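Let me begin by presenting the structure, written as structure tokens, before commenting on it.
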Amino acid sequence: MRPHTGESLLALKRRAGKINRQLAKAYPYAHAELDFRNAFELVVATVLSAQTTDVRVNQTTPALFARYPDARALAEANVAELETMIQPTGFFRAKTRSLISLATRIVDEYDGVVPGRLDDLVTLAGVGRKTANVVLGNAFGIPGITVDTHFIRLAQRFGWTESKDPVRIEADVGGLIPKAEWTMLSHRVVFHGRRVCHARKPACGACPVATLCPSYGEGETDPVKAKKLLKYELAPGNEDLLARMLGDVSRAAEYRREAQLLARQGVSSGPEPGPAAPGTDLP
């Protein structure tokens, strides 16, 4: 690739590495925000996450996996029953068809076991490269870059790519960051995009990588005003949640779910995620 930022390729790689390290310090608790216990649950949850929030999916999957604990059970699901169970995630008829189809293929072609190769995963209904990389990176420990709308936006703002094509972006960024870091980089970038570097009004004045970002100034640069734009555990009023997540990174997901439950009960301060715009998936 040829950098469009006026840097040499070596300088771009060095800056990309610094951004990755700064994001690692800012979000040591970054993780896959879909709840899962195995590759089957992750691939199903990721298919369900299209056009909805991860929160909504995590509310739906406990009952779903209790009823259909593996690919064989899901392949034999009653269509009407499955549609009812996943209706809260939206587009439930299309998702039902995809889930039954992918489960049937897993049973017929892979003896009921989710395959651990990208070329095999993308043959499953509802599974593209993004979902395949999510499953590979988080269920199989195989590094992959998850290019969603947040990642696309930030990769462009960071000057890592000029492309809008997810496959090209994956290649461009993969050439800048060591392969071993790809999965965690994906989590960090998505966390940052959801909390700080928003689509419409990024909080530039509260950004941990502001000095490394060629797009600094596109959003609010005043630190006080920028802080008010932060979301989730970084939002004003959520200092206790952030402290707990930073203090015990291994339990960060548990603390996040607790805060979301309290928010739904009207106990917690701080906003609860609303519906996602098409093509997005919020925590």
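Structural remarks
- When the range 221-240 is filtered for residues that are under 16 Å from A199 (Cα atoms) and open to solvent by less than 100 Å² (accessible area, probe 1.4 Å), the ones remaining, listed by number, are T221, A226, L229, L230, K231, Y232.
- The number of residues in the range 154-181 that are among the charged types (D, E, K, R) and open to solvent by less than 40 Å² (accessible area, probe 1.4 Å) comes to 3.
- Residue selected from the range 8-37 under the condition without any contact (Cβ under 8 Å) to a residue 12 or more places away in the chain and part of a helix (DSSP H, G or I), by the criterion least open to solvent (accessible area, probe 1.4 Å): A11
- Filter result for D120 (modelled with pLDDT of 95 or more and surrounded by fewer than 14 Cβ atoms within 10 Å (Cβ to Cβ)): no
- Counting only helices (runs of 4 or more DSSP H) that sit completely within the range 72-129, those holding 2 or more residues that are in contact (Cβ under 8 Å) with a residue 12 or more places away in the chain and small (G, A, S) correspond to 92-110.
- Looking at A199, A252, A259, A277, just one residue is at pLDDT below 95 and assigned to a loop (DSSP other than H, G, I, E, B), and that residue is A277.
- For T5, the criteria (1) part of a helix (DSSP H, G or I); (2) β-branched (V, I, T); (3) more than 27 Å from Q260 (Cα to Cα); (4) open to solvent by 10 Å² or more (accessible area, probe 1.4 Å) hold in every case but one, which is (1).
The values are calculated or read from the model by the stated rules, or taken from the named source; none is laboratory data. Please read these numbers as outputs of a predicted model, since none were measured by experiment. Heads up, the Cβs are rebuilt from the backbone with ideal geometry, glycines too, and the neighbour counts pull from every protein chain shown. What goes into the accessible areas is simple: the full protein's heavy atoms, side chains included, and nothing from ligands, DNA or RNA. Shrake-Rupley method; radii C 1.70, N 1.55, O 1.52, S 1.80 Å.
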